[in-house]
1. Scan the range 273-296 residue by residue and report those that are open to solvent by less than 60 Å² (accessible area, probe 1.4 Å) and over 24 Å from Val200 (Cβ atoms).
2. Does Arg230 qualify as being at pLDDT 95 or above, closer than 27 Å to Arg72 by Cα, of a type in the set (Lys, Arg) and in contact with a strand residue (DSSP E or B) (Cβ under 9 Å, 6 or more places away or on another chain)?
3. Restricting to the range 54-86, count the residues that are touching a strand residue (DSSP E or B) at 6+ places or on another chain (Cβ under 6 Å), assigned to a loop (DSSP other than H, G, I, E, B) and over 24 Å from Thr179 (Cβ atoms).
4. Under the condition of being open to solvent by less than 50 Å² (accessible area, probe 1.4 Å) and of a type in the set (Ser, Thr, Tyr), which residue from the range 213-272 is farthest from the chain's Cα centre (by Cα)?
5. Restricting the search to the range 35-61, which residues are farther than 23 Å from Leu381 by Cα, open to solvent by 10 Å² or more (accessible area, probe 1.4 Å) and of a type outside the set (S, T, N, Q)?
6. If you check every pair at least six apart or on different chains, which have Cβ atoms under 6 Å apart with a residue in the range 137-150 that is within 13 Å of Pro93 (Cβ to Cβ) and of a type in the set (Gly, Ala, Ser) first and a residue that is assigned to a strand (DSSP E or B) and open to solvent by 60 Å² or more (accessible area, probe 1.4 Å) second?
7. I'd like to verify a number: residues in the range 260-284 that are closer than 22 Å to His195 by Cα and part of a loop (DSSP other than H, G, I, E, B), how many?
8. Going by the conditions given, is Lys341 without any contact (Cβ under 8 Å) to a residue 40 or more places away in the chain and over 16 Å from the mean Cα position of the chain (by Cα)?
Amino acid sequence: MRKATERNLKSHVLRCAAGVLAWALSAGPAAAQKSTVQTEAGAIEVETLAQNLSHPWGMAFLPDRRLLVTERAGNLRILDTNNKLSAPLKGVPEVFAKGQGGLLDVALDPDFAQNRLVYLSFAEPGENNKATTALGRGKLEGNEIKDFKVIFRQEPYVEGPNHFGGRIVFTPEGHLFLTLGERFKFDPAQDLSNHMGTIVRIKPDGTVPKGNPFVGKQGAEDAIWSYGHRNIESAAIDPATNKLWVAEMGPLGGDELNQPVAGRNYGWPVVSWGKHYDGKKIPNPPTRPEFADAVIHWTPTISPSGMVFYTAKMFPAWQGSSLIGGLTSSGIVRVLVKGEKAEEVERIPLAVRTRDVEQAPDGSVYVLTDQANGKVLRLSLLK
């Protein structure tokens, strides 16, 4: 088991760069906001493309290089190639916009060029102030999502504003994974009769693949792929292996990087590398070998949100790496992945709560910042 550490000298240099970047991003109009950060890939330019977004959460590039961006308050917008934001699109579902809830991730159907289908995950309001995580899809036509329909709901609806999960990841074979938090309810993450604290695997129409590990098992939900999770807001497929990787938020310490295996139990809340918020200790995972342990764990936390495997040519040094957004670590955590092994190798300081990370068609990296005045940032390599 590898606990992530930073290299002292590089950490000092990058913290200084982060201070300069924070000043640069706090001044001037969007078009003038550019800064330089030193990384192992070389000097990179950080440019603000858009701002005044209300806690942006997810993004997806359209084939014409425009960018879909969600706002947690319930808006879906398009950033065009001239960096102009559209008005909120029509046809987006009503959301439970409280605490961590709201409009969450956005993803394109693998056959988007033919069917124009856009998928949205969101906190869906229910009766008596309850809510759940839902996934739906509709057709993008102009500035509207038409015929939006929910295809999956986490069961049950519960009270509370926390831990909705919500990342959407399509697999090469055409299924999709949806990450689901345990809604800050703890024990249900060990109960297969509900979806709380799980990763589910479904088909694009919401039906369940026959190969799921709990199909037909009494007392278990057919859609579940893995369970015993706390709250996963980072997920991506490694193109080298076609395997899913997720970064999961721990409690007080103990964030985890996992490669979820079908049917495995990842231990929450029975074990964790962190502690409860009141300081009460939780047994470490090695004390209970029946649970799958993390590939990497982080204390202090990075609060992972958003993830992409970098494959483009602009940053050759980043190829084969997973770029993980960090809320409390205020930037990108770069993890080198080789098969089933992974190692943190670098932190790219952005001095902002980093909510999502995406590779752009031109090989640059786009970042969403989790702020009331949220931004779309573009990272490119200086020549």
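The values are calculated or read from the model by the stated rules, or taken from the named source; none is laboratory data. These figures come from a predicted structure and were not determined experimentally. Neighbour counts are summed over all protein chains in view; Cβ atoms, including those assigned to glycine, are modelled from backbone coordinates with ideal geometry. All accessible areas refer to the heavy atoms of the entire protein, side chains included, with ligands and DNA or RNA removed. Shrake-Rupley method; radii C 1.70, N 1.55, O 1.52, S 1.80 Å.
1. Let us first name the residues in the range 273-296 that are open to solvent by less than 60 Å² (accessible area, probe 1.4 Å), namely 273-274, 276, 279, 282, 285, 291-296.
Hits for the range 273-296 are Trp273, Gly274, His276, Gly279, Ile282.
2. Details: at pLDDT 95 or above: yes; closer than 27 Å to Arg72 by Cα: yes; of a type in the set (Lys, Arg): yes; in contact with a strand residue (DSSP E or B) (Cβ under 9 Å, 6 or more places away or on another chain): yes.
It is true that Arg230 is at pLDDT 95 or above, closer than 27 Å to Arg72 by Cα, of a type in the set (Lys, Arg) and in contact with a strand residue (DSSP E or B) (Cβ under 9 Å, 6 or more places away or on another chain).
3. Selection size over the range 54-86: 3.
4. In this case the residue turns out to be Ser272.
5. Here is the first cut: in the range 35-61, the ones farther than 23 Å from Leu381 by Cα are 52-58.
Adding the requirement that they be open to solvent by 10 Å² or more (accessible area, probe 1.4 Å) leaves 52, 54-55.
Once the filter is applied, which keeps residues that are farther than 23 Å from Leu381 by Cα, open to solvent by 10 Å² or more (accessible area, probe 1.4 Å) and of a type outside the set (S, T, N, Q), the range 35-61 yields only His55.
6. Gly138/Lys146; Gly138/Asp147
7. Matching residues across the range 260-284 total 12.
8. Values: without any contact (Cβ under 8 Å) to a residue 40 or more places away in the chain: no; over 16 Å from the mean Cα position of the chain (by Cα): yes.
Judged against the criteria, Lys341 is not a match.
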